[in-house]
Amino acid sequence: MSSVNTEIEENINLPEAKVESPWKDAWRRLKKNKMAMIGLVIMVAVVIVAVFAPFIAPHDPFYSPVMEDGRTELSLIGPTWNYPFGTDRLGRDLFSRVVYGTRISLMVGIITQMIALSIGIPLGALAGYYGGWVDEIISYLINVFLAFPFILFAIAIMSVFQDPGIDKVFIALGIISWPGLARIVRGQVMALKEEEYIEAAKSLGANDARIIFLHVIPNCLAPIIVTVTLGVAGAILAEAGLSFLGLGAQPPTPSWGLMLSTGRAYLRSNPYMMWFPGLAIMITILGLNLFGDGLRDVLDPKMKD
Amino acid sequence: MSEKILEVNNLKTHFFINKGVVKAVDGVSFSINKGETLGIVGESGSGKSVTSSSVMRLIPTPPGKIVDGEILFKGENILNKSMDEFRKIRGNEIAMIFQEPMTSLNPVYTIGDQIAEAIQLHQGLDKKEALKKAVGMLEKVGIPAPEDRVHEHPHQLSGGMRQRVMIAMALSCNPELLIADEPTTALDVTIQAQILELMRELRDEFNTAIMLITHDLGVIAEVADKVAVMYGGRVVEQTDVKTLFKNPKHPYTAGLINSIPTLEGDSGRLEPIEGNVPDPFSFPEGCKFANRCPFATDECMTKEPQLEKAEKGHDVRCHRWENLDLKK
Amino acid sequence: MLTYIIRKSFMAVPILIGIATITFLLNFVFVPGDPVRIAMGNHGDPATIEMIREEMGLNDPLYIQYGRFVGNIFRGDLGISYTTRRPVFEMIMERLPATAMLAVSSMVIAILLGVTAGIISAIKPNSILDYLFMTGAMIGVSMPVYWLGLILIVIFAVNLNVLPVGGYGTFAHLVLPAIALGVRQAAHIARMTRSSMLEVIDKDYIKTARAKGLSEKVVVIKHALRNALIPVITVIGTQLGYLLGGTVLTEVTFSWPGVGRMAIDAVNRRDFPLIQGTVLFLAAIFIVVNLLVDLSYGVLDPRIRYD
């Protein structure tokens, strides 16, 4: 009986047939979008730097020649061939720290979005699927979370921890990044709920979770991907901001925001200390934004916000 | 009576796009006398709307460009005028109404403001006087309670009402030439008839010449004096309205006439023309209509026919017009 | 119109209560240990701590505390600071003018720059100026505000020595922070204005306006921009959230004595009522301004008034 059901279900599984060619089409159009391709190249480069950080960085990012070996002459030297971005007060190589900072930033982006996805998709699906009071409550939560300015919300959460750190940043940013995703999934579920093939799948006894993951998620993959891409950018910016304020990553973590915070004390004597971490943030965010925007134009021209 | 208000000679409006040059209008000539109504009829893609936009100099440049020809308005070539000079004519002596009454009015301003704007601009009236005149115009086009309606926004009006507002706006400066680009296409049949009736009345009252663009020969039959049939960026037949319906000489015209639904519901006579207008890059080399023409010969496929005088006041662009009997 | 305002305003109330609830939960439920003890550090003697706890009602059951907290908010009472023992609302009001001045001037810069650049880009799409503005805008939205702030400090305060590094008091002090904070908003507004203008300029009613014989300037400013601004206003509204977050970062960067910097000081001193009060206050501003943005639609877009 159940195998017959699956067979019929597969036969009426229209959206999957619909999904394939639009993706190819989207990729073809994306390739033509110069800006998006620049963004993609930047993103790939950032990932490569993060993955191969130990091979790219000439020095140990945590090694302080000043503290550990008393080599005070290596403190605060400007950019040279050996130290392309110069060194900080502890004599640590800033280039190596910026390279390793890529890992921190990417981790922030990926982990927060994973948390956001694992909260947002189920909540959005529940709201859209069951409607009624479930929807009322979840929609209310979405509205409240979206009405809370992002950085302020993050600051409010980080203020609770007595010992801030990068791990807490993951949690803080993750639990406030889900509403956008939930809203997308909710809308999609509501739109698809009435479609015939969903009705058919239901009448064949497919369970709700199966319907949601097999039929609904593939249909809103496009806006989800766009939201996640731009969400990664938002999370990286927010982490850098929190760390700049001293509420995020703590020393000696090579967080770009934290490096900027340190560099702020040396604006007169050693301005190079703030140039490179900032540049790293900007390039990374630029790549994500360019790619995300291009993706949005290609996948869903109507989705603007 | 035969004073020419508009004379278009050998107009060529081309669009330069990535794929190549689209010759949307390619050597079109016609004229309109004072108080006369010329219907320009053709399917979409025939170049009729580009022709009307060219006369208004509303062709988006780039990609569009008027590459050749002249447009004489009261004997002066408007293409030689600077844009600033032409703006004094546009909306004043030549006015235009568009196909989509639902979207042709600015949603954020009241209809009174929008009518008054043109009056203030061209007649130098102050806002108050202009609004008063706008009320008068609204009354003329048959809008009930015009004193209240002037203060309303477009979204508060129905499509038919909006087209009346567009007509009021166009006629507010007593233009000598009114260009109407598919003025009734977007409207219900009953509203269509009302708008056409209104245009006829106003034409008689103001003695305005009208250039009526339409795909619908039924509309032409109702209001036009003369007709130019366009296909593939060219005029293929041109004559007065009676002759056109009684004695069409171009197979395309005959096809259009045959595809008019009749009231008797005699569906057997409804014969739409085979095929569609080709995309701008796939027109046949010779006669543009050759690939759809039931009478096409080898000559038609390779050699482009010229517009010939078939009889007095009746021009046709067809190699075989003498051999064909297309009369009903 | 009036019912529209009232309905919209009432819709904001539950959102505000939601945010109040979140901050309450964060600071009184999730904070591990005794917040007063944490705030006082190791040198608080138990009797004083107990006195403060009693004074602040921290010994009451949570639901009573919560009810009192929400009730007090609507009377403008945000509690008492642990460190200064002064009403939080009073402290915020002292700092508010500085923050308001910074936020408003950066917004003015942002709107002027952004709308102008957006219009110019839209009028001549794919021109050199368009590429220049849009590349600039793309970089602008990708740049952290505080980094731009640091760059401005290095250039104008350290190297050229024409403006102060930070601080408050004169117009010269305002210039750099306002620019740093405004650029990102300007970039967003420019991008939105451009795409919105490009969409509007193809509309039929623009053709109608041209057909009337209006000059291109009147067509663009009166007929196109007025319509194009409607979605731009939304962007300005949503960007205000970033602006308020950006204010915190900018105030810290330029030692600007506003509400945002007070909030960060409060976090560092673990002054929970003050953190909670400032966060709540700024979030409330965000909600109120978004409400105003919503209402401004009714003025800009007549179609909305009657819906």
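Within segment A:91-114, does at least one residue satisfy the condition of being touching a residue at least 12 places away in the same chain (Cβ under 8 Å), surrounded by 18 or more Cβ atoms within 10 Å (Cβ to Cβ), assigned to a loop (DSSP other than H, G, I, E, B) and not charged (D, E, K, R)? Checked segment A:91-114: at least one residue is touching a residue at least 12 places away in the same chain (Cβ under 8 Å), surrounded by 18 or more Cβ atoms within 10 Å (Cβ to Cβ), assigned to a loop (DSSP other than H, G, I, E, B) and not charged (D, E, K, R). For segment B:83-110, enumerate the residues that are facing chain C (nearest Cβ under 8 Å), surrounded by fewer than 24 Cβ atoms within 10 Å (Cβ to Cβ), under 15 Å from B:Asn174 (Cα atoms) and in contact (Cβ under 8 Å) with a residue 60 or more places away in the chain. Matches in segment B:83-110: B:Asn92 only.
Every residue, every condition in (1) more than 21 Å from the chain's Cα centre (by Cα); (2) modelled with pLDDT of 85 or more, yes or no:
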position: B:Ile66; (1), (2): no, no
position: B:Ile71; (1), (2): no, yes
position: B:Gly75; (1), (2): no, no
position: B:Arg87; (1), (2): no, yes
position: B:Gly91; (1), (2): no, no
position: B:Pro101; (1), (2): no, no
position: B:Ser104; (1), (2): no, yes
position: B:Pro107; (1), (2): yes, yes
position: B:Thr110; (1), (2): yes, yes
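Taking segment B:219-311 as the region of interest, the helices (runs of 4 or more DSSP H) fully inside it that hold 1 or more residues being among the charged types (D, E, K, R), closer than 30 Å to B:Gln194 by Cα and at pLDDT 80 or above are B:241-246.
Across segment A:72-86, not a single residue is classified as more than 14 Å from chain C (Cβ to nearest Cβ), within 26 Å of the chain's Cα centre (by Cα) and among the hydroxyl-bearing types (Ser, Thr, Tyr). Of all the numbered requirements in (1) touching a Phe, Trp or Tyr at 6+ places or on another chain (Cβ under 6 Å); (2) within 22 Å of A:Lys168 (Cβ to Cβ), A:Gln250 misses one, and that requirement is (1). Out of segment C:179-206, which residues are within 30 Å of B:Gln123 (Cα to Cα), surrounded by fewer than 22 Cβ atoms within 10 Å (Cβ to Cβ) and in contact with a Ser or Thr (Cβ under 9 Å, 6 or more places away or on another chain)? Of everything in segment C:179-206, those that are within 30 Å of B:Gln123 (Cα to Cα), surrounded by fewer than 22 Cβ atoms within 10 Å (Cβ to Cβ) and in contact with a Ser or Thr (Cβ under 9 Å, 6 or more places away or on another chain) turn out to be C:Lys203, C:Asp204. In the condition set (1) within 11 Å of chain A (Cβ to nearest Cβ); (2) modelled with pLDDT of 85 or more, C:Leu240 is compliant with all but (2). Restricting attention to segment B:297-317, the residues that are crowded, with 19+ Cβ neighbours inside 10 Å and touching a helix residue (DSSP H, G or I) at 6+ places or on another chain (Cβ under 7 Å) total 1.
When B:His155, B:His151 are checked against the criterion of being surrounded by fewer than 22 Cβ atoms within 10 Å (Cβ to Cβ), at pLDDT 85 or above, more than 16 Å from the chain's Cα centre (by Cα) and not in a helix (DSSP H, G or I), B:His151 stands alone in meeting it.
This table checks each residue for (1) in contact with a Gly (Cβ under 6 Å, 6 or more places away or on another chain); (2) farther than 28 Å from A:Phe244 by Cβ; (3) not hydroxyl-bearing (Ser, Thr, Tyr).
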| residue | (1), (2), (3) |
| --- | --- |
| C:Pro46 | no, yes, yes |
| C:Phe69 | no, yes, yes |
| C:Ala100 | no, no, yes |
| C:Gly114 | no, no, yes |
| C:Ser127 | no, yes, no |
| C:Ile139 | no, no, yes |
| C:Ile153 | no, no, yes |
| C:Phe156 | no, no, yes |
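Please indicate, with yes or no, whether at least one residue in segment B:58-70 is without any contact (Cβ under 8 Å) to a residue 12 or more places away in the chain and of a type in the set (Ser, Thr, Tyr). Within segment B:58-70, one or more residues are without any contact (Cβ under 8 Å) to a residue 12 or more places away in the chain and of a type in the set (Ser, Thr, Tyr).
Looking only at residues of segment C:224-262 that are of a type in the set (Gly, Ala, Ser) and over 14 Å from the mean Cα position of the chain (by Cα), we find that the one that is surrounded by the fewest Cβ atoms within 10 Å (Cβ to Cβ) is C:Ser255. When B:Leu125, B:Leu72 are screened for being outside any loop (DSSP other than H, G, I, E, B), of a type in the set (A, V, I, L, M) and surrounded by fewer than 21 Cβ atoms within 10 Å (Cβ to Cβ), only B:Leu72 passes. If you take the residues in segment C:210-223 that are at the interface with another protein chain (Cβ under 7 Å from one of its Cβ atoms) and out of contact with any Phe, Trp or Tyr (no Cβ under 9 Å at 6 or more places or on another chain), which one is surrounded by the most Cβ atoms within 10 Å (Cβ to Cβ)? Looking at the filtered set, the residue picked out is C:Lys212. When the residues of segment C:37-61 are narrowed to those that are loosely packed, with under 12 Cβ neighbours inside 10 Å and under 28 Å from C:Ile17 (Cα atoms), which ends up modelled with the highest pLDDT? Filtering first and then ranking leaves C:Pro61.
Kindly evaluate C:Met93 against the criterion of being buried (at least 21 other Cβ atoms within 10 Å of the Cβ), out of contact with any Gly (no Cβ under 7 Å at 6 or more places or on another chain) and either among the aliphatic types (A, V, I, L, M) or within 12 Å of chain A (Cβ to nearest Cβ) (or both). When the stated conditions are applied, C:Met93 does not pass them. The residues on offer are C:Leu282, C:Leu249, and the sole one that is within 27 Å of C:Pro164 (Cβ to Cβ), facing another protein chain (nearest Cβ under 8 Å) and in contact (Cβ under 8 Å) with a residue 40 or more places away in the chain is C:Leu249.
The values are calculated or read from the model by the stated rules, or taken from the named source; none is laboratory data. Just so you know, these numbers come straight off a predicted model, no measurement behind them. Note: ideal-geometry Cβ built from the backbone for every residue, glycine included; neighbour counts use all protein chains shown.
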